[in-house]
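Structure first, then comments.
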Amino acid sequence: SKLAALFQHPLYNIPIPEVTEKDKLFVVNPMEKFSLHNSGSDEWVSSSKAETLLPTGKTAYDTYPAWLKFHVGINRYELYPRRDPLMPTLLRDLATQRIVSSVQKSGGTQLKLIMTFPNYGQALFKPMKQTRDQETPIDFFYFSDFERHNAEIAAFHLDRILDFRRIPPVSGRLVNITKEIRDITTDKKLAKTFFISPAGNVCFYGECSYYCSTEHALCGKPDQLEGSMAALLPDKTLAKRRSWRSPWRRSYHKSKKAEWELNPNYCAQVRETPPYDRGHRLLDLIDMTVLDFLMGNMDRHHYETFEKFGNDTFLLHLDNGRGFGTHSRDELSILAPLRQCCSIKKSTYLRLQLLATQPYRLSDLLREALATDPLAPILVEPHLRALDRRLGKVLEVVGRCLAR
């Protein structure tokens with residue numbers, strides 16, 4: 001396994017700083033036990049009043065479902081650890097746990113559903129909108145592109161291979177539209193949008209600001225539909241997140257350009273603006289730029305951080321559905337922060353150089369990682385080949401910066 005060899009490499013074993021209590025997102029009472037009210041219930045209690053006897057040698061933590069262990073493990077430095085023993089279980093749960101509730105997620109431009117499991121875990125479901133080999137038409141504006149379920153899956157694995165670990169776990173899943181959405185939804189607005197197509201397939205379209213109409217309906221075969229299931233982050237009432245507008249945000253206008261597209265010295269003013277004037281925030285944003293360029297994502301207008309950790313923490317790389325839309329063109333404008341600031345973390349640069357070598361070729365690693373997903377193959381070969389080509393271009397930009 002090339003992936004196993006990669007994670008053994010010294011560059012993937014640089015220790016994170018010691019995690020103190022204040023560096024944890026949640027401080028958990030080690031005596032609190034997680035239990036369902038009863039076997040048929042969809043509710044859970046966290047209470048010392050619950051049956052307190054535990055199987056010999058087990059701690060209360062052992063009673064937590066995988067999603068809760070994932071939430072409890074989040075700290076200032078990482079969303080999940082490099083060698084996370086929990087990851088296979090969490091990905092399996094996303095792909096196989098029984099769905100007890102499906103409702104539409106409010107907001108956003110395209111249809112997304114929140115799925116709930118019997119153990120109270122929740123996932124964000126993005127349905128399949130186009131096939132693996134369809135490229136985004138060249139005349140499409142980036143802001144009118146479809147969100148792709150397979151891009152969400154591939155982005156999670158790519159982010160992990162780059163050792164950022166800033167995207168919540170995502171698994172592919174085949175969902176039964178009738179049994180797992182239509183028959184169990186309590187969302188009246190969503191329920192009204194189901195119909196049977198002339199071909200006899202079950203379809204629905206939901207309510208949203210783009211692509212929610214009978215012309216853009218999502219249809220099963222006859223009721224099986226692919227989608228991505230992303231583990232939800234802790235509820236914002238428990239762990240507030242702050243949303244930051246990216247300084248290199250695009251204009252989202254058909255003809256206007258953003259300031260960074262007109263001013264080659266734009267980075268100088270960003271460096272003087274908080275929170276980019278101190279700490280590693282700008283370098284973290286450049287990490288995100290590299291990830292976006294590799295997958296061709298032009299839609300990174302905002303990013304989020306956990307409020308508890310202030311400015312000294314990682315950026316969450318959420319919402320990656322507009323990645324992997326084109327493999328035949330490289331959108332060099334995505335690299336503007338790297339090109340204009342001529343800055344990159346040394347550790348990121350060394351890992352990128354490693355991923356350009358034969359034993360650790362990026363495309364081979366991602367192909368291996370994606371092969372374990374229930375919906376494999378996730379990416380067609382031209383997308384995997386494009387990664388190696390784009391990685392070469394990132395290293396060229398850094399090389400020019402070093403020469404300068």
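The values are calculated or read from the model by the stated rules, or taken from the named source; none is laboratory data. What you see is a predicted model, and the numbers here were worked out from it, not measured in a lab. No Cβ is skipped: glycine too gets one built from the backbone with ideal geometry, and neighbour counts run over all protein chains shown. Calculation scope for accessible area: heavy atoms of the full protein, side chains included, ligands and nucleic acids excluded. Shrake-Rupley method; radii C 1.70, N 1.55, O 1.52, S 1.80 Å.
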Quick calc: nm separation of the 7 Å Cα→Cβ label points for Ser255 and Tyr12 -> 5.0
Which three lengths, in whole Å and largest first, does region 241-403 cover when its Cα atoms are put on their principal axes?
43, 39, 36
Testing the spin-label approximation: label points 7 Å from Cα along Cα→Cβ at Lys346 and Lys179. State their distance in nm.
5.6
Quick one: compute the contact order of the chain, relative version, from alpha carbon pairs under 8 angstrom and 6+ residues apart, as a percent.
17
Take the Cα pairs of the chain, get the Kirkwood Rh, then feed it into Stokes-Einstein at 4 °C and 1.567 mPa s and tell me D in µm²/s.
57
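If you take the square roots of the eigenvalues of the alpha-carbon gyration tensor of region 255-334 and sort them as a ≥ b ≥ c, do you get rounded (a/c under 1.5), prolate (a/b over b/c) or oblate?
Oblate, because a/c is 1.5 or more while a/b does not exceed b/c.
Ignoring everything except DSSP H segments at least 4 long, calculate the 222 nm mean residue ellipticity for the chain; use -39,500 (n - 2.57) per segment, divide by total residues, nearest 500. Show your work: numbers first, answer last.
On the way: 12 runs with 115 residues, N = 404.
It lands at -8000 deg cm²/dmol.
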For region 333-368 versus region 185-257, the gap between their alpha-carbon centres in whole angstrom
31
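Using 21 Å as the Cα-Cα cut-off, could you pick out the over-long pairs in Lys345/Lys393; Lys126/Lys179; Lys129/Lys236; Lys105/Lys188; Lys69/Lys112; Lys112/Lys179? List each step's numbers first, then the result.
Working: Lys345/Lys393 17 Å; Lys126/Lys179 17 Å; Lys129/Lys236 29 Å; Lys105/Lys188 13 Å; Lys69/Lys112 25 Å; Lys112/Lys179 17 Å.
Lys129/Lys236; Lys69/Lys112, as the Cα separations exceed 21 Å there.
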For the ranges 332-341, 10-19, what's the packing order if you count other beta-carbon atoms within 10 Å of each residue, average per peptide, and put the highest first?
332-341, 10-19
If the chain between Asp133 and Glu32 were fully extended at 0.36 nm per residue, the gain over the current Cα-Cα distance would be 31.5 nm
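Suppose all protein chains stay in the model; what accessible area per residue would a 1.4 Å probe give for region 241-403, in Å²?
Details: 7120 Å² over 163 residues.
Normalised by residue count, the accessible surface of region 241-403 is 44 Å².
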Residues whose built amide H sits under 5 Å from the amide H of Glu226, excluding neighbours closer than 5 in sequence, are Met128, Val175
Starting at the first residue of region 147-161, write each ³J(HN,Hα) from the Karplus equation 6.51 cos²θ - 1.76 cosθ + 1.60 with θ = phi - 60°, in whole Hz, x for Gly and Pro.
8, 10, 5, 6, 5, 4, 5, 5, 4, 4, 5, 5, 4, 6, 5
When only C-alpha pairs under 8 Å and at least 6 residues apart count, what is the relative contact order of region 241-403, in percent?
24
Whole-Hz Karplus couplings 3J(HN,Hα) for region 314-328, θ = phi - 60° and coefficients 6.51, -1.76, 1.60, Gly and Pro as x, run 7, 9, 7, 9, 8, 6, 10, x, 9, x, 6, x, 9, 10, 8
If amide hydrogens are placed 1.01 Å from N in the peptide plane, which non-local residues have theirs closer than 5 Å to the one on Gly172?
Met229, Leu375
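Contour minus end-to-end for Ile114 and Arg98, with contour as 0.36 nm per residue of separation and end-to-end as the Cα-Cα distance? Could the numbers behind the result be given before it?
Numbers: separation 16, 0.36 × 16 = 5.76 nm, distance 1.34 nm.
Taking Ile114 through Arg98 to full extension adds about 4.4 nm, to one decimal.
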Go through region 395-403 residue by residue and turn each phi into a ³J(HN,Hα) via Karplus (6.51, -1.76, 1.60, θ = phi - 60°); whole Hz please, and just put x for glycine and proline.
5, 5, 4, 5, x, 5, 4, 5, 5
When all Cα-Cα pair distances of region 136-295 are considered, the percent exceeding 21 Å is 65
